[in-house]
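Reading through the structure tokens given below for one structure.
The values are calculated or read from the model by the stated rules, or taken from the named source; none is laboratory data. The shown structure was predicted, so the numbers you read here are calculated from the model rather than taken from an experiment. Backbone-built Cβ (ideal geometry, glycine too); neighbour counts: all protein chains shown.
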Amino acid sequence: MSRREAAKAAKGGRITVNGDAVRSADIRISEETDTVAIDGAAVEWRRFVYIMLSKPEGYISATDDPREKTVLELISERDRKIGLFPCGRLDKDSTGLMLLTNDGALAHRLLSPKYHCEKRYIVNIAKPIEDEGIISRLESGVDIGGEITRPAKFTPMTPTRFEVTLREGRYHQIKRMFESVGNKVVTLRRVSFAGIELDPRLKSGEWRYLTDDEISALRAASEGGAAGAGEE
Ligand code: URA
């Protein structure tokens, strides 16, 4: 609730701290040791918030922008206020799984090139690829304008539809990889990030909090990556 709503609820005697009603929301408590309840139900306090968004086309991966619509605009105002930011980028015309959090340390680890966190995409392309040689070039590394990409996985679903798994995230990477073999990305959807799968029940533009299991998996992915950091 907003500060104003909290003040009103306290005034109405709906809030207790350690069982005693408090009439003012303006008191000091310890999040760790005090028990706050509203209408008799204990309030669970969490330092960090982790959200899975099904990103629609037309939104940029930023917190605010003077001209463009940002992914943060799709999140409730209450959650926006706690310093949420997108964990990684998707292009404006890309869709699918976008994680948002206010856990800067975890996001930093997941996005660090040292951690090689895995991302999976479903990509539609303009021209069919049937030549195994092109697929193996894409998989072993192509020149995307002076940079050579790391090993990746390109699994054809049809000749114009690929499942692509990357362990790095350079600017417009998949688009530039297909361009390097004379092709063009038509649509790009991220379906997995660091072991978290996009929930198929989420419609475009919808979001939900990660479950405890998903948060643990994310932490494990970031810590697992640390073990492999020496491979650089
Ligand atoms: N690669 C791209 O080219 N675009 C994205 O949004 C993600 C990966």
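Residue by residue, here is whether (1) out of contact with any Leu (no Cβ under 8 Å at 6 or more places or on another chain); (2) without any contact (Cβ under 8 Å) to a residue 24 or more places away in the chain holds:
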| residue | (1), (2) |
| --- | --- |
| 7 | yes, yes |
| 21 | yes, yes |
| 26 | yes, yes |
| 38 | yes, no |
| 58 | yes, no |
| 63 | no, yes |
| 74 | no, no |
| 113 | yes, no |
(request) Out of the residues in segment 179-232 that are part of a helix (DSSP H, G or I), at pLDDT 95 or above and within 13 Å of the chain's Cα centre (by Cα), state the one that is farthest from the ligand (Cβ to nearest atom). (result) 215
(request) Taking only segment 115-142 into account, find how many residues are over 13 Å from the mean Cα position of the chain (by Cα), at negative phi and surrounded by 14 or more Cβ atoms within 10 Å (Cβ to Cβ). (result) 13
(message) Just to check your reading of the model, which residue among 64, 39, 79 is among the acidic types (Asp, Glu) and surrounded by 13 or more Cβ atoms within 10 Å (Cβ to Cβ)?
(response) 79
(request) Please find, among 81, 119, 92, the residue that is of a type in the set (D, E, K, R) and more than 16 Å from the ligand (Cβ to nearest atom). (result) 81
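Which residues, counting only those in segment 158-176, are modelled with pLDDT of 95 or more and either outside the structural domain of residue 95 (by TED's automatic domain parsing) or near the ligand (Cβ under 8 Å from one of its atoms) (or both)?
Kept after step one, since they are modelled with pLDDT of 95 or more, are these residues of segment 158-176: 158-166, 172-176.
Those that are modelled with pLDDT of 95 or more and either outside the structural domain of residue 95 (by TED's automatic domain parsing) or near the ligand (Cβ under 8 Å from one of its atoms) (or both): 166, 172, 173, 174, 175, 176.
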(request) Looking at (1) within 16 Å of the ligand (Cβ to nearest atom); (2) farther than 23 Å from residue 58 by Cα; (3) modelled with pLDDT of 90 or more, find the lone condition where residue 103 falls short. (result) (1)
(request) Please specify each residue of segment 45-78 satisfying the condition of being polar (S, T, N, Q) and either under 12 Å from residue 93 (Cα atoms) or at pLDDT 95 or above (or both). (result) 54, 61, 70
(message) Looking at residue 168 and the list (1) of a type in the set (Asp, Glu); (2) under 28 Å from residue 73 (Cα atoms); (3) in contact with a Phe, Trp or Tyr (Cβ under 8 Å, 6 or more places away or on another chain), which single condition is not satisfied?
(response) (3)
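Mind checking whether some residue in segment 16-34 is away from the ligand (no atom under 16 Å from the Cβ), touching a Phe, Trp or Tyr at 6+ places or on another chain (Cβ under 7 Å) and closer than 30 Å to residue 121 by Cα?
First, the residues of segment 16-34 that are away from the ligand (no atom under 16 Å from the Cβ): 16-34.
With touching a Phe, Trp or Tyr at 6+ places or on another chain (Cβ under 7 Å) added as a condition, the list becomes 31.
From what is left, the residues that are closer than 30 Å to residue 121 by Cα are none.
Checked segment 16-34: no residue is away from the ligand (no atom under 16 Å from the Cβ), touching a Phe, Trp or Tyr at 6+ places or on another chain (Cβ under 7 Å) and closer than 30 Å to residue 121 by Cα.
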